[in-house]
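The values are calculated or read from the model by the stated rules, or taken from the named source; none is laboratory data. In this text, all values refer to a predicted model and were calculated from it rather than measured experimentally. Quick reminder, even Gly has a Cβ in these numbers, built from the backbone with ideal geometry, and neighbours come from all protein chains shown. Areas reflect the complete protein model, heavy atoms only, side chains present, ligands, DNA and RNA absent. Shrake-Rupley method; radii C 1.70, N 1.55, O 1.52, S 1.80 Å.
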Amino acid sequence: MSGMRPTGALHLGHYHGVLKNWVRLQNEYECFFSVVDWHALTTEYETPGKIEENVWEMVIDWLAVGINPGSAKLYIQSHIPEHAELHLLLSMITPQSWLERVPSYKEQQERLKDKDLTTYGFLGYPLLQTSDIIIFKAGYVPVGEDQVAHVEMAREVARRFNYLYGRDPGFEKKAEKAAKKMGKKNNRMYFELLKKYQEQGDSQALEKARAMVEAQQNISIGDRERLVGYLEGGGKMIFPEPQALLTVAPKMPGTDGQKMSKSYNNTISLREDSNNVEDKVRTMPTDPARVRRTDPGDPEKCPVWALHQVYSDDDLKNWAQAGCRSAGIGCLDCKKPLIDAILKEQAPIKERADEYLNDPETVREIIDEGCESARDMARETLVEVREAMGLDYD
Ligand code: TRP
Ligand code: SF4
């Protein structure tokens, strides 16, 4: 399961960093890809009217790069009201401090200073993401480095939910009785360690408790097993703990050499007009030491070289290196093959995008189908959740 906020036209950074990976994964796993429009709303709540257009643009971008609705489910987050219900229920058991300590919370508030992000909704961003992920009981979440803390939050919340609502009451009584047989001190330590593991995910505490139980000579094998089993969950696991699946892709540089990102204003969009692509690359800054064509340069100091890392084979890279250092080529010569490579990469994407742009009906149908599958699954999970929490009364 993964998601993306509909914040505008996707760019080559999205393509190389995320989408190519999704296209590969869709053949290996049952995938859900979500247009997380509610997440967009956490920062764009003052201008919600822009979200709709971005939603459809993004879906077209996804389809254009080869996300195949035959294998992956594409859906819109806000069409699955179960996400909201789960988010609400999870909010009851999520300590506020867990949300406050997620690094992106303060970072984004700092970065987006022109927006007031002291809202309840923005604080809850990672919990809404948790609901996205665990409602499908997803095992893997393909994301970039910046999202790892959010997936970690999903793991912790899943664990806490299982701890609070997944236990079999009979089992608990038996474990408690067995623990008493270890003696007062061990009994107390056992439950302290168990709590540390279940509430904070402290796996060292789990190991310590297990070692302690296994070292007990004075209890029966049955009790020993019971105590170890109890440590490991000992009840029904309602939500499996998801794992981040990190994308290993070279950093996509923007036209200024920094990471390509809309907020740096250095992007080339997936369907960027060819003339713009040419202009953007031609005007990219180069090694400042190359003032004149005859001045030799150092590729390491040049953002254009970073782009060669993404697009060029060894021969071309050697040519650029040598030509730069000897002033054998000019910067425009060096940029030309990159412009060609980007245009070549974009051609089939633009072509496919045009087909969908001319056929909005089909796009709607794809999304409707994706939403239906997502919703079926989400409904099933909510039935289980309500039951586990004792909310399944009429
Ligand atoms: N927070 C993610 C981002 O900014 C988007 C997102 C929302 C997401 N829900 C998700 C990603 C669920 C993975 C899984 O990129
Ligand atoms: Fe950069 Fe290429 Fe110019 Fe060297 S020749 S400074 S690598 S653009």
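Give the residue from MET182, VAL213, GLN200 lying farthest towards the positive end of the charge dipole for region 167-231; charges sit on Cβ (+1 for Lys and Arg, -1 for Asp and Glu) and the dipole is referred to the Cα centre.
MET182
When a/c reaches 1.5 or more, the comparison of a/b and b/c decides; with that in mind, is region 167-231 rounded, prolate or oblate per its Cα gyration tensor?
oblate
Put +1 on the Cβ of every Lys and Arg and -1 on every Asp and Glu Cβ in the chain; which of ALA149, ALA84, LEU338 then has its Cα farthest towards the positive end of the dipole?
In the chain, that residue is ALA149.
Suppose the chain between VAL248 and THR47 were pulled fully straight at 0.36 nm per residue; how much longer would it get relative to their current alpha carbon spacing?
Length gained between VAL248 and THR47: 68.9 nm.
Could you work out the helix-only [θ] at 222 nm for the chain, with each DSSP H run of four or more residues adding -39,500 (n - 2.57) and the total divided by the number of residues, to the nearest 500 deg cm²/dmol?
Numbers: 18 runs with 226 residues, N = 394.
Per the formula, -18000 deg cm²/dmol.
Mind pulling the per residue volume of the convex hull built on the Cα atoms of region 139-285? Å³ is fine.
That works out to 146 Å³ per residue.
Accessible area of HIS87, 1.4 Å probe, to the nearest 10 Å²?
About 50 Å², ignoring ligands and nucleic acids.
Kindly rank 112-123, 276-287, 1-12 from highest to lowest mean number of other beta carbons found within 10 Å of each residue. Don't skip to the end; give the middle numbers.
Numbers: 112-123: 12.8, 276-287: 16.1, 1-12: 21.2.
Ranked by mean Cβ neighbours within 10 Å, highest first: 1-12, 276-287, 112-123.
Choose one of SER274, ILE329, PHE171: the residue whose Cα lies farthest towards the positive end of the charge dipole of the chain (beta-carbon charges +1 Lys, Arg; -1 Asp, Glu; about the Cα centre).
Going by the Cα projections, it comes out as PHE171.
Given the whole protein assembly as supplied and a 1.4 Å probe, what does the accessible area of MET237 come to in Å², nearest 10?
Solvent-accessible area, nearest 10 Å²: 130 Å².
Using the reciprocal of the averaged 1/r over all distinct C-alpha pairs, how large is the Kirkwood radius of region 271-357 in Å?
With all distinct Cα pairs of region 271-357 included, I get 13.7 Å.
Can you tell me the order of 124-132, 248-256, 213-221 when each peptide is scored by its average per-residue count of other Cβ atoms within 10 angstrom, highest first?
Going by the mean number of other Cβ atoms within 10 Å, highest first, we get 124-132, 248-256, 213-221.
Could you list, in their original order, any pairs among LYS106/LYS350; LYS262/LYS335; LYS113/LYS259; LYS259/LYS317 whose Cα atoms are separated by more than 29 Å?
Cα-Cα > 29 Å for LYS106/LYS350; rest within.
Over the chain, what percent of the accessible surface lies on carbon and sulfur atoms, probe 1.4 Å? Don't skip to the answer; put the middle values down first.
Values: 10000 of 20320 Å².
After summing per-atom areas, the C and S share lands at 49 percent.
Calculate the length of the line joining the C-alpha centroid of region 82-148 to that of region 202-246, in whole Å.
29
Using the Cα atoms of region 333-393 to build a convex hull, what is its mean projected area in square nanometres? Don't skip to the answer; put the middle values down first.
Working: hull surface 31.2 nm².
Here the figure is 7.8 nm², rounded to one decimal.
Two-decimal Rg/Rh of region 1-128 from alpha-carbon positions, Kirkwood Rh?
On the way: Rg = 15.6 Å, Rh = 15.9 Å.
So for region 1-128, dividing Rg by the Kirkwood Rh gives 0.98.
With a/c under 1.5 counting as rounded, go ahead and sort region 142-203 into rounded, prolate or oblate using the C-alpha gyration tensor (a ≥ b ≥ c being the square roots of the eigenvalues; past the cut-off, prolate if a/b is larger than b/c, else oblate).
Numbers: a/c = 5.22, a/b = 2.21, b/c = 2.36.
Oblate.
So for region 69-212, what percent of the C-alpha to C-alpha distances run longer than 18 Å?
Roughly 66 percent, once rounded to a whole number.
Quote the charge dipole size of the chain about the Cα centre in Debye, to the nearest 20; the model charges only the Cβ of Lys and Arg (+1) and of Asp and Glu (-1).
Charge dipole of the chain: 2020 debye, to the nearest 20.
Give me the Kirkwood hydrodynamic radius of the chain, using the inverse of the mean 1/r over all pairs of distinct Cα atoms, in Å to one decimal.
On the way: mean 1/r = 0.0414 Å⁻¹.
For the chain, inverting the mean 1/r across all distinct Cα pairs yields 24.2 Å.
Roll a 1.4 Å probe over the protein chains and send me the accessible area per residue for the chain in Å².
Spelled out: the 1.4 Å probe surface of the chain, per residue, equals 52 Å².
Could you work out the local net charge near PRO288, counting Lys and Arg as +1, Asp and Glu as -1, over the other residues with Cβ closer than 11 Å to its Cβ?
-1
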